[in-house]
1. Describe numerically, in nm with one decimal, the distance between label points set 7 Å from Cα along Cα→Cβ at residue 5 and at residue 225.
2. Pull out a ≥ b ≥ c, the square roots of the eigenvalues of the alpha-carbon gyration tensor of segment 180-292, then state rounded if a/c is under 1.5, prolate if not and a/b is larger than b/c, and oblate in the remaining case.
3. What are the ³J(HN,Hα) couplings of segment 165-180, residue after residue, when phi is run through the Karplus curve with 6.51, -1.76, 1.60 and θ = phi - 60°? Round to Hz, x for glycine and proline.
4. Hey, what do the phi angles of segment 200-210 turn into as Karplus ³J(HN,Hα) couplings, whole Hz, using 6.51/-1.76/1.60 and θ = phi - 60°, x for Gly and Pro?
5. Can you tell me the FRET efficiency between residue 273 and residue 39 if r is taken as the Cβ-Cβ distance and R0 is 56 Å, rounded to the nearest 0.05?
6. Under a 5 Å amide H to amide H cut-off, with H placed in plane at 1.01 Å, what residues pair with residue 140 once short-range neighbours are removed?
7. Cα axis of helix 118-127 to longest principal axis of the chain: angle in degrees, 0 to 90, nearest 10?
8. Please list, in order along segment 288-295, the HN-Hα scalar couplings obtained from phi with the Karplus expression 6.51 cos²θ - 1.76 cosθ + 1.60 (θ = phi - 60°), rounded to whole Hz, x for Gly and Pro.
Amino acid sequence: MKKGRIGRIVLGVVLALLVLLNVVAAFHAYKFTHFTDKQVVRLNEHHISGMEKIKTLLFGIDMSRPVDFAKPSQPYYHTDTIQSNVKLECWDLRTDSTSRKGTVIIFHGYRGNKSSMIDRSDEFLKMGYNTLLVDFMGSGGSEGNATTIGYTEAEEVRAAYDYVVGTKVDGPIYLFGTSMGAAAIMKAVNDDPTFLPAGLILECPFGSMLKTVSVRVKMMGLHTFPTAYLLMFWGGLENGFWAFGHNPEEYAKSIELPVLLMWGEQDERVSKAEIDSIYSNIKRYKQLKTFPLCRHEDYLPKYHDEWVNTVDSFLVESKRHIVVND
């Protein structure tokens with residue numbers, strides 16, 4: 001009788017801990033995929049109270065909604081709205097080059113916004129390409145407060161492309177994305193075989209959502225299992241998608257477009273193995289460019305000339321490999 005009672009107590013404690021673990025994971029997953037309109041001040045962990053530490057551990061870390069912090073320096077751009085799953089704000093910039101070569105649509109990464117992509121836009125404009133800088137949902141001037149790390153954002157990639165097509169600007173249309181933006185582009189192409197931009201320029205896409213979440217969990221000093229798996233489950237459930245199926249490595253297998261893949265060799269968030277897997281899975285014309293001293297960051301400040309020359313060369317060469325619908 002006594003053993004049976006002890007067994008029930010142990011079982012009760014285990015079940016309570018499992019429930020608590022799932023509740024904590026659900027809170028953290030929500031904070032990871034939802035931004036707050038409040039301005040969050042980051043406090044040094046050595047200067048916060050024990051109660052604040054417990055609150056953070058149980059309920060997650062608030063993240064401020066990414067706000068556009070700068071505007072393009074060019075006087076000849078305009079702000080427009082694209083209707084997708086939500087209303088998206090974009091900046092439409094036209095090059096002053098006498099011979100316009102096409103358009104590059106630019107997509108930012110997680111916790112980014114279109115302001116963070118102005119330097120890339122400037123370089124494309126100098127090369128003779130119009131650019132469209134897009135705020136994904138939950139960022140900058142776009143609607144919402146949520147992000148799905150590139151999953152739902154794939155719909156927004158297609159909406160931005162259709163917007164450019166609707167403007168009837170001459171020339172090929174290329175897609176450029178960094179990190180989450182690159183993953184969203186890859187999913188958009190994977191989801192529709194008839195979606196054929198002229199080419200893709202992808203900076204540091206993660207191999208799978210599980211891998212990128214696992215990296216963030218490890219950086220917090222936690223074990224990947226079960227933490228990353230619970231965050232994936234609850235994050236997907238809260239946002240209406242199956243997070244375990246969000247895999248750019250797999251998307252790469254269906255990409256039959258010219259691709260320039262770029263990666264920083266010191267990247268602490270995306271491994272060489274992930275980049276190698278994505279690159280090997282791309283079937284058609286492709287280039288891989290790595291930057292030895294770069295982490296998961298903007299490559300332009302450290303490798304300006306090399307980045308520009310690589311991208312310009314790819315855009316020229318890719319025109320020989322453009323895929324056209326039958």
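1. Placing both labels 7 Å along Cα→Cβ, they lie 3.7 nm apart.
2. Values: a/c = 2.71, a/b = 1.38, b/c = 1.96.
The shape class here is oblate.
3. Calculated HN-Hα couplings, in order: 4, x, 7, 6, 7, 6, x, x, 10, 10, 10, 10, x, 10, 6, 4 Hz.
4. 3J(HN,Hα) across segment 200-210, in whole Hz: 10, 10, 10, 9, 6, x, 6, x, 7, 5, 4.
5. Numbers: r = 38 Å, r/R0 = 0.68.
In this case the efficiency is close to 0.90.
6. Here 67, 68 satisfy the definition.
7. It works out to around 20 degrees.
8. So the Karplus estimates, Gly and Pro as x, are 10, 10, 10, 10, x, 9, 9, 9 Hz.
FYI, it's all coordinate maths here, none of it is from the lab. Given the structure is predicted, the values throughout are model-derived calculations rather than measurements. Neighbour counts are summed over all protein chains in view; Cβ atoms, including those assigned to glycine, are modelled from backbone coordinates with ideal geometry.
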